[in-house]
1. Exactly which GluC sites (Glu not before Pro) in region 81-158 are in a DSSP loop and have at most 14 other Cβ atoms within 10 Å?
2. Would you mind putting 190-200, 124-134 in packing order, based on average other-beta-carbon counts within 10 Å, highest first?
3. So, by mean Cβ neighbours within 10 angstrom, what's the order for 161-168, 105-112, 93-100, 11-18 with the highest one leading?
4. Report the extension gain between Thr188 and Ala71 in nm, rounded to one decimal, defined as 0.36 nm multiplied by the number of residues separating them, less their alpha carbon distance.
5. Can you give me the % of accessible surface on the chain that is carbon or sulfur? Probe 1.4 Å, all protein chains present, nothing else counted.
6. So for the chain, taking the charge dipole from beta-carbon charges (+1 Lys/Arg, -1 Asp/Glu), which of Asn158, Leu126, Ile13 sits furthest toward the positive end?
7. Restricting to Cα atoms and excluding each atom paired with itself, what does the Kirkwood estimate give for region 67-216 in Å?
8. For the chain, with only Lys/Arg (+1) and Asp/Glu (-1) charged at the beta-carbon, what is the dipole magnitude about the Cα centre, in debye rounded to 20?
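The values are calculated or read from the model by the stated rules, or taken from the named source; none is laboratory data. Values in this document were obtained by computation on a predicted structure and should not be read as measured data. Cβ coordinates were reconstructed from backbone atoms using ideal geometry, including for glycine residues, and neighbour counts include every protein chain displayed. Note: areas computed on protein heavy atoms with side chains; ligands, DNA, RNA excluded. Shrake-Rupley method; radii C 1.70, N 1.55, O 1.52, S 1.80 Å.
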Amino acid sequence: MTDSEELRLRNEIVEVSQAMAARGLNRGTSGNVSARLPDGLLVTPSGVVPDRLAADAIVRLDAKGCAPAGAFKPSSEWRMHAGLYARRPDINAVVHCHSRHATILACAGRPIPAFHYMVAVGGRSLIPLAPYRTFGTPELAEAVADALEGGFACLMANHGQIVGAPTLAKALAIAEEVEEQAAVYWGTLAIGGPNILDDAQMAAVFAQFRGYGQES
Ligand SMILES: [Zn+2]
């Protein structure tokens, strides 16, 4: 990867972080964003609010999670990002946030079932819930990678949500949709609960997505 390609990725990570804040997916410094490099990853630094983030503050980590001397401290959740790149060759970008409604459901121990066809943006007929593990630990990284198996999005118990996708733009779009689905599902729970789509109905949704260029 050339320096200019890496700079483009750094700028894109800054843009995605700021978009998450602007769209209400994040408050303060709680979210983090990364992109795969051929020999490691780029990840947002720890404790920098998106408004103040600059391309040169994005931390480059090698495959073992080591940063060059003088780099900012990486997000405390870097292991979660690195673990996904190690496990999933189809994932090149990861977005994690504590968006409100996704977090409400995650704290109540509720995965999102197939109550709306757009649940399929997560790649499966539900958006599952990874079990609770302490933030920043290898155990959380493993729980998240397990929960994302076969899909692109999951809730994280008592924590938030995480999305892995082929591109940063796609990861942001999915995270935004997960939050919207979480908000609507939460709303249906307040009025008796949703009607759930069955397997055949969801299979038809996936078939429709495959034939619809912009969703592929
Ligand atoms: Zn978090």
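1. Values: sites: Glu139, Glu142, Glu149; in loops: Glu149.
Here the sparse-neighbourhood loop sites are Glu149.
2. Details: 190-200: 10.5, 124-134: 18.5.
Top to bottom by mean Cβ count within 10 Å: 124-134, 190-200.
3. Values: 161-168: 23.8, 105-112: 18.5, 93-100: 25.5, 11-18: 20.0.
With the highest mean Cβ count within 10 Å placed first, the list reads 93-100, 161-168, 11-18, 105-112.
4. On the way: separation 117, 0.36 × 117 = 42.12 nm, distance 4.57 nm.
Between Thr188 and Ala71, full extension yields an extra 37.5 nm.
5. Values: 5480 of 10260 Å².
The C+S portion of the solvent-accessible surface of the chain is 53 percent.
6. Selected residue: Asn158.
7. Working: mean 1/r = 0.0635 Å⁻¹.
Computed over region 67-216, the radius equals 15.8 Å.
8. Its charge dipole is roughly 340 debye.
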